[in-house]
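The values are calculated or read from the model by the stated rules, or taken from the named source; none is laboratory data. Remember, predicted model here, so these are calculated numbers, not experimental data. For neighbour counting, all protein chains shown are included, and Cβ atoms are generated from backbone atoms with ideal geometry for every residue, glycine included. For accessibility, only protein heavy atoms count, side chains too; no ligands or nucleic acids. Shrake-Rupley method; radii C 1.70, N 1.55, O 1.52, S 1.80 Å.
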Amino acid sequence: MDAAGLYIHVPFCAAKCPYCDFYSVPAENSAINKYTDMVCKTLVKYSKTANLHFDTLYFGGGTPSLLRNANLAKILKTVRGNFEFSEKEITLEMNPTTLPTLDLEKLRKDGVNRLSIGVQSAVESELQALGRRHSVKDVKDTIKKAKAAGFTNISLDLMIATPGQTLESLKESIAFCAAQNVQHVSAYMLKVEPGTQFYKNKASLRLKTEGEQADLYLAMVSELERYGFEQYEISNFAKKNYESAHNLKYWNSQEYLGIGPSAHSFINGERFFYPRSLKDFLSGNIKPVKDGTGGTMEEYAMLKLRLRTGISNSAFKSRFGVDIPQSYFRKAKIFQNHGLAVVDCDSIRLTPKGFLVSNKLISEIIF
């Protein structure tokens with residue numbers, strides 16, 4: 001059996017970004033310590049009921065770096081003491097503003113070997129429009145200190161189609177990322193979700209049209225690849241051999257266990273998640289909510305088509321014992337005629353143009 005991934009959702013932020021829909025609450029030391037203790041207790045509980053082997057661990061959020069070194073080390077010690085853990089990849093998401101409270105050298109010695117840094121933009125006016133609290137200099141300083149501490153696998157997050165962003169400013173942000181000599185870039189299209197401050201103020205925001213979004217996305221793909229970042233998923237780009245091993249588990253329909261409020265899991269063919277409530281999680285009485293079965297042929301195909309390599313008949317048959325339905329090929333060939341997909345005798349994959357309308361395409365191909 002393939003090793004599973006472990007995801008820890010850290011629901012704390014110093015301040016809520018106006019576009020963010022992820023579950024987070026204000027950071028308070030007492031709550032952070034109680035949360036850490038409950039994560040460790042929950043891990044011990046799972047170790048007694050599930051025979052799991054992990055090879056990746058991902059601290060996501062929120063702002064996981066707000067846990068600081070001691071709490072991160074406590075969680076890592078608990079994982080190592082209760083599970084088989086081969087430590088292929090341990091990622092910590094971090095905000096540059098938390099650098100002063102984090103000892104990166106100790107973090108590296110404790111086993112964290114990958115950082116995902118929230119940059120969003122390398123243009124100061126765009127950072128302000130996004131409500132970010134860091135500067136471009138903060139990002140540079142964080143990367144410099146991370147490298148000095150021994151980190152050789154660093155990912156930067158960018159946002160595209162944000163208020164005020166232009167083609168030239170996007171290229172400026174991409175050039176900035178390339179100049180930092182990092183290994184990975186995740187680039188996400190701004191989505192204004194209900195419940196966010198951006199949603200409340202969307203009438204006053206100068207949001208991009210669908211056409212403008214498409215132009216920026218395709219330009220981004222081209223620019224990042226020009227700098228040596230190969231696209232391997234709709235929103236993810238990496239130098240050779242630096243794809244995110246943890247995130248690939250999601251798209252390859254491999255198992256993962258999620259701990260913390262709003263964290264999702266896929267174990268033994270079942271999907272489940274914790275409610276978006278820190279209070280409930282800290283009570284220790286809340287049980288994960290069942291979310292149906294997973295790993296079906298349709299779901300597998302749907303997730304694989306998010307990857308640049310797409311879905312191959314050989315891998316499909318190896319997993320399910322049957323060929324990819326011919327209807328998938330037949331429908332995908334229609335989209336190939338419009339430059340949205342590439343179809344051959346063994347595989348189906350979407351092009352960057354196809355990724356722009358991936359939800360519709362994938363639904364049309366599979367269902």
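Observations on the structure shown:
- Of all the criteria given as (1) in contact with a helix residue (DSSP H, G or I) (Cβ under 7 Å, 6 or more places away or on another chain); (2) in a helix (DSSP H, G or I); (3) over 28 Å from A161 (Cα atoms); (4) among the acidic types (D, E), the one not satisfied by D323 is (2).
- Residues considered: K331, K317. Of these, the only one that is touching a helix residue (DSSP H, G or I) at 6+ places or on another chain (Cβ under 7 Å), farther than 28 Å from A263 by Cβ and of a type outside the set (A, V, I, L, M, F, W, C) is K331.
- The set of residues in region 265-303 being in contact with a strand residue (DSSP E or B) (Cβ under 7 Å, 6 or more places away or on another chain), surrounded by 12 or more Cβ atoms within 10 Å (Cβ to Cβ), of a type in the set (A, V, I, L, M, F, W, C) and within 16 Å of Y46 (Cα to Cα) consists of F266, I267, F272, F273.
- Residues in region 111-130 that are of a type in the set (A, V, I, L, M), open to solvent by less than 30 Å² (accessible area, probe 1.4 Å) and not in a loop (DSSP other than H, G, I, E, B): L115, I117, V119, L127.
- Residue within region 200-220 that is of a type in the set (S, T, N, Q) and under 30 Å from T42 (Cα atoms) present: no
- T56 being among the polar types (S, T, N, Q), in contact (Cβ under 8 Å) with a residue 12 or more places away in the chain and either open to solvent by 20 Å² or more (accessible area, probe 1.4 Å) or not in a helix (DSSP H, G or I) (or both): yes
- For region 169-204, the set of residues classified as among the charged types (D, E, K, R), out of contact with any helix residue (DSSP H, G or I) (no Cβ under 8 Å at 6 or more places or on another chain) and in a helix (DSSP H, G or I) consists of E172, K200, listed by residue number.
- Matching option when the condition is in contact with a helix residue (DSSP H, G or I) (Cβ under 8 Å, 6 or more places away or on another chain) and either within 22 Å of D280 (Cβ to Cβ) or at pLDDT below 95 (or both), among N51, N71, N29, N82: N71
- Pick from region 192-217, criterion under 20 Å from the mean Cα position of the chain (by Cα) and surrounded by 13 or more Cβ atoms within 10 Å (Cβ to Cβ), ranking: modelled with the highest pLDDT: Y217
- Residues of region 149-168 classified as free of Cβ contacts under 8 Å to residues at least 24 places away in the same chain and part of a helix (DSSP H, G or I), total: 1
- Residue that is β-branched (V, I, T) and within 29 Å of K140 (Cβ to Cβ), where the choices are T78, T98: T98
- Residue selected from region 2-40 under the condition part of a loop (DSSP other than H, G, I, E, B), open to solvent by 40 Å² or more (accessible area, probe 1.4 Å) and in contact (Cβ under 8 Å) with a residue 60 or more places away in the chain, by the criterion farthest from Q197 (Cα to Cα): D2
- Residue identified as part of a loop (DSSP other than H, G, I, E, B), open to solvent by 50 Å² or more (accessible area, probe 1.4 Å) and of a type outside the set (A, V, I, L, M, F, W, C) among R68, R133, R108, R80: R133
- Cβ-Cβ under 8 Å pairs, at least 6 apart or on other chains, region 103-129 side without any contact (Cβ under 8 Å) to a residue 24 or more places away in the chain, far side surrounded by 14 or more Cβ atoms within 10 Å (Cβ to Cβ) and not hydroxyl-bearing (S, T, Y): E124/V136; L127/Q120; L127/H134; L127/V136
- Lone unmet requirement of (1) in contact (Cβ under 8 Å) with a residue 40 or more places away in the chain; (2) open to solvent by 40 Å² or more (accessible area, probe 1.4 Å); (3) not in a loop (DSSP other than H, G, I, E, B) for T309: (3)
- In region 263-287, the residues that are among the polar types (S, T, N, Q) reach residues that are part of a strand (DSSP E or B) with C-beta atoms within less than 6 angstrom, at least six apart or across chains, in these pairs: S265/L257; S265/G258; S265/F272.
- Within region 165-191, the residues that satisfy the criterion of being in contact with a Leu (Cβ under 9 Å, 6 or more places away or on another chain) and open to solvent by 40 Å² or more (accessible area, probe 1.4 Å) are T166, L167, Y188, M189.
- Verdict on Y242 being modelled with pLDDT under 95 and not in a strand (DSSP E or B): no
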